[in-house]
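Heads up: the structure comes next, in structure tokens.
The values are calculated or read from the model by the stated rules, or taken from the named source; none is laboratory data. Bear in mind that the values here come from a model prediction, so they are computed numbers and not experimental data. Glycine gets a Cβ as well: all are built from the backbone with ideal geometry, and neighbour counts include every protein chain shown. Heads up: the accessible areas ignore ligands, DNA and RNA and are worked out on the full protein's heavy atoms, side chains in. Shrake-Rupley method; radii C 1.70, N 1.55, O 1.52, S 1.80 Å.
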Amino acid sequence: MSRFSNRLISLRKEQKMTQSDLAKLLGKQRSTVSGYETDGKEPDFDTLCTLADHFEVSVDTSWAGTTSAATQTWCSATTTPISSGTTTPCRQI
């Protein structure tokens, strides 16, 4: 399994979510979430941002190990502050 898959499983289980729960949140089929976790499928950028927002993590090396400079720049430009003083990634302002 990829680093992304392992991290997604870990975050989902920490919140006591099933694959079906996560699929509903994403507007996807459960089999799609299963693919993210086991088959090496990768979410599109909008889905990745939804995941990051939900799990309150950034879209960076903590997800997949590497990101392109363009992705990092886009996410940096589209963050908004949240109450704790940190930023939430990929929320358009």
Extension gain from Asp60 to Gln29, taking 0.36 nm per residue of separation minus the Cα-Cα distance: 8.6 nm
Solvent-accessible area of Ser58 with every protein chain in place, 1.4 Å probe, in Å² to the nearest 10: 50 Å²
Residue-by-residue Karplus 3J(HN,Hα) for segment 16-29, coefficients 6.51, -1.76, 1.60, Hz, glycine and proline x: 6, 9, 8, 4, 5, 4, 5, 4, 4, 4, 8, x, 10, 7
Chain lengthening between Thr47 and Ser10 when straightened (0.36 nm per residue, less Cα-Cα): 11.6 nm
Accessible area (Å², per residue) of segment 10-60, counting only protein heavy atoms and a probe of 1.4 Å: 57 Å²
Nearest-10 value in Å² for the accessible area of Asp60, using the 1.4 Å probe: 50 Å²
Summed residue charge, Cβ within 15 Å of Ser20's Cβ, Lys/Arg positive, Asp/Glu negative: +4
